[in-house]
Structures are given as C-alpha cells and as structure tokens.
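Below you'll find the structure, written out as structure tokens, and then a few comments.
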Amino acid sequence: MTEHLQTLAVTSGRPATEPDAPLNVPVTLASTYIGGGDVAYGRYGNPSWTALEETIGALESGRCVTFSSGMAAAVAILEQLPHGAKIVVPRHAYQGMLALLREHAERGRFEPTLVDVQETDAVIQALPGAALVWLESPTNPALELADIPAITAAARAAGVPSVVDNTFATPLLQRPLDLGADVVLHSATKLFAGHSDTILGAIVTRDDDWYDRVVGYRSLCGAIPGALDAFLVLRGIRTLAVRLERAAATAAMLAERLATHPAVVEVRYPGFGQIVALVLSDAASADAVVRSTRIVRHATSLGGVESTFERRRRWETESPTIPEGLIRLSVGIEHPDDLLADLLAALDAAR
Ligand SMILES: *Cc1c(COP(=O)(O)O)cnc(C)c1O
C-alpha cells in the first residue's frame, strides 16, 4: 500500500516504534562517533540528516542528500561536470544560480547556454553537446513553466542528464522524477522549512551513480547541514501540506482580486503554488508598495508562514529581462481577507 504524500510527510523519518522511544528523531550534536560503525565522523553522516533525507526521499520517491544550503546542493551537482561543460539553463533561473554560472563562465569552468524554458523546441535544440540541462519550473520570479516531460525525454534521448529545481512547486504539486528528470534540487530553506528560520538544501535522485557522487562530494567539500537545521526542516515538512494548501488558495484569490487594481499592470500566477508576481508600471511605484504594507513584510526569500514580498530588480544580479516593477509576493497563512485588505491599501497608496 502506498500512502498519500500528505501522510508520508508526517510519518516518514520517525524512530522505530518501541516502548518509550521518542516520536521524533532527536537532534544529534556530534562531531564524531564510536569507531567500528558506518558513519565514523560528523562530516560523513548524522541521524538528524538521515531522518530528513528519508522524508524528502519519500516525498519525491528517490534517494535524498541534504546540504548546508540550496546553493551548496546546486554546486554539488555542477561539480560533477567536466571542465568547460555546456549547461543549458533558464535565462530566468534563480538569480543566485545565474550569478554562480556567470562567474564560472568567466573562468572557463562552464559554458552556460541561456534558454526561455517556455520555448520547448528551443530548449530541445540547445541540448546537443550539453553536459547538463538545468530546469526550474515555475521559474523564480517570472513564474514561467517548462514542459518537463518533453524536455527531459529529449534530454535522455540525447544522453544529457536533467535537473529540475522543484523549490517553488514542492513534491506535493509536482514530482519531476516521475516526469523524467534525473535529479531534483530543493532549497529546503523555503517551503519545506516554512518558517524563515533556517537555510538548507537537498538533492533527490533515483540514479545510484548520481547519489553516490553527490554523497561523496558532500563528505569531501564539507557543505553539510547542521543537525538542528535538519531537525527544523523536518519539523516544517510535517505541516507542509496544510500550509501549502492554505497559502495556495489565498494566492489564487489574491491573483484574481489584485489583477483589476488600476496600479497593477499584470499579475502572474501559474495556477498553483503560493507565489504571485505583481507587475507595477515602474520601480518607484513598486518600491512604494513594498514600503506601505502592515502585514506583508518587505523581505527576500519565500515559502514561510508569514507573507513577504520584494521588488526583484532591487538585486543587481537579477536578470535584466525581469520587469523593473515586478514584485514577487510569497503568500503565507494569514487570514486571506487581511492580506487582501493590506495589499489593496498599499496599492492605493502607491497610485
Ligand atoms: C532560494 C532558492 C535557491 C537557493 O537556495 P538557498 O537555500 O538560498 O541556498 C535555489 N533555487 C530557488 C528556486 C530558490 O528560490
């Protein structure tokens, strides 16, 4: 019997059910272990990571490796590629990813080929000669969708491994390994943790070779998660389903209601998830809005119980093709009416 993902999010990564066993795996603060076992040293393993990895692995149906951040997980994937490798990557990928690839490109380490993920044929045409195709869907912050089955099938036929950054959708809304991807990446900092209180990353794969390589790389590069951080993310995942359900319902409502406000040029919402992009006419009006709310906090990052938003182009590293007036809104679990009233008042003030 296979349980629903909402159940696995609660039941996975628990200690064995023997009398007086704790329900939760404790936070294991240990740099070293008694010799003769499999783990030996704190850079190679920790029971708090294992519980979290079992749970994320169950949600994506694969084997999970956790890292100190989403970016550390991304680097662990990239480091498996040969020098000068061509990487097909969305032109609107997460800005940190694009900044990292730009730096590597300057040194000749990689050759990134930027694509519009919505243009499936163009992505497929860019595959020959690539060592990796990196997808993000929906993209951050433009909320564009990629045809993951079509692109990963073409990549497989061309012998190109595929990675999907599934941070925005989470396995509850999209399971890229089922859609043909070789590797899934998560910034567990966001919806998994869900409370804006820790940073952690994860990779999930069904391919033993990828698994062995990224585990080995983690042990040597040392970008390991802290035990307390792993505990916090696992605690966050326990409530992921209800948080996401509430936040996504509010996001859909806000996307519809805010679209008709005269200060809003365009609302982007892919129809699922809890991120909404509000495009205002220019940077000044967007900046005025993010300064005018009482409930929604002006902060970067996303996926917390608290609603946050920011004008993305305030970051120099953000793609120049993202509109200057685009505000990325991460919808939390506050009462939907309060969020609507707060945002409408801020948009009125910005006019
Ligand atoms: C935040 C984010 C990352 C980077 O993750 P960190 O945990 O901040 O290192 C990668 N991809 C996406 C889509 C993100 O939103």
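What the table shows:
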{"quantity": "Subset tally (residues that are open to solvent by less than 10 Å² (accessible area, probe 1.4 Å) and either assigned to a loop (DSSP other than H, G, I, E, B) or in contact with an Asp or Glu (Cβ under 8 Å, 6 or more places away or on another chain) (or both)) for segment 129-151", "calculated": "9"}
{"quantity": "Verdict on D182 being under 30 Å from T308 (Cα atoms), away from the ligand (no atom under 14 Å from the Cβ), open to solvent by 10 Å² or more (accessible area, probe 1.4 Å) and touching a Ser or Thr at 6+ places or on another chain (Cβ under 7 Å)", "calculated": "no"}
{"quantity": "Verdict on A73 being under 17 Å from L191 (Cβ atoms), aliphatic (A, V, I, L, M) and within 16 Å of the ligand (Cβ to nearest atom)", "calculated": "yes"}
{"quantity": "Elements of type helices (runs of 4 or more DSSP H) contained in segment 1-111, each with 1 or more residues being more than 23 Å from the chain's Cα centre (by Cα)", "calculated": "47-60, 95-106"}
{"quantity": "Residue in segment 76-122 that is nearest to the ligand (Cβ to nearest atom), counting only those that are polar (S, T, N, Q) and free of Cβ contacts under 8 Å to residues at least 60 places away in the same chain", "calculated": "Q118"}
{"quantity": "All positions within segment 154-173 that are in a loop (DSSP other than H, G, I, E, B) and within 13 Å of the ligand (Cβ to nearest atom)", "calculated": "N166, T167, F168, A169"}
{"quantity": "Close pairs from segment 248-267: first open to solvent by 40 Å² or more (accessible area, probe 1.4 Å), partner not small (G, A, S), Cβ under 6 Å, at least 6 apart", "calculated": "M253/P336; R257/L340; A259/V267; V265/V279; E266/V279"}
{"quantity": "Search result, residues across segment 286-305 that are over 16 Å from A259 (Cα atoms) and open to solvent by less than 30 Å² (accessible area, probe 1.4 Å)", "calculated": "A288, V290, T293, V296, L302, G303, G304"}
{"quantity": "Matching residues in segment 106-125 - criterion: being surrounded by 14 or more Cβ atoms within 10 Å (Cβ to Cβ) and more than 23 Å from T167 (Cβ to Cβ)", "calculated": "R109, E111, I124"}
{"quantity": "Number of the exception - V279 against (1) touching a Gly at 6+ places or on another chain (Cβ under 9 Å); (2) within 30 Å of R63 (Cβ to Cβ); (3) outside any helix (DSSP H, G or I); (4) open to solvent by less than 40 Å² (accessible area, probe 1.4 Å)", "calculated": "(2)"}
{"quantity": "Some residue of segment 138-156 being hydroxyl-bearing (S, T, Y), under 30 Å from A247 (Cβ atoms) and at pLDDT 95 or above", "calculated": "yes"}
{"quantity": "Residues that are open to solvent by less than 50 Å² (accessible area, probe 1.4 Å) and not in a loop (DSSP other than H, G, I, E, B), drawn from segment 324-343", "calculated": "L326, I327, R328, L329, S330, P336, L339, L340, D342, L343"}
{"quantity": "Of residues in segment 206-231 being open to solvent by less than 40 Å² (accessible area, probe 1.4 Å) and assigned to a helix (DSSP H, G or I), the one farthest from A30 (Cα to Cα)", "calculated": "W210"}
{"quantity": "Lone unmet requirement of (1) open to solvent by 60 Å² or more (accessible area, probe 1.4 Å); (2) of a type in the set (S, T, Y); (3) without any contact (Cβ under 8 Å) to a residue 60 or more places away in the chain for T321", "calculated": "(3)"}
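The values are calculated or read from the model by the stated rules, or taken from the named source; none is laboratory data. Computed from a predicted structure; not experimentally measured. Cβ atoms come from the backbone with ideal geometry, glycine included; neighbour counts cover every protein chain shown. Note: accessible area is taken over every heavy atom of the protein model, side chains too, but ligands, DNA and RNA are not part of it. Shrake-Rupley method; radii C 1.70, N 1.55, O 1.52, S 1.80 Å.
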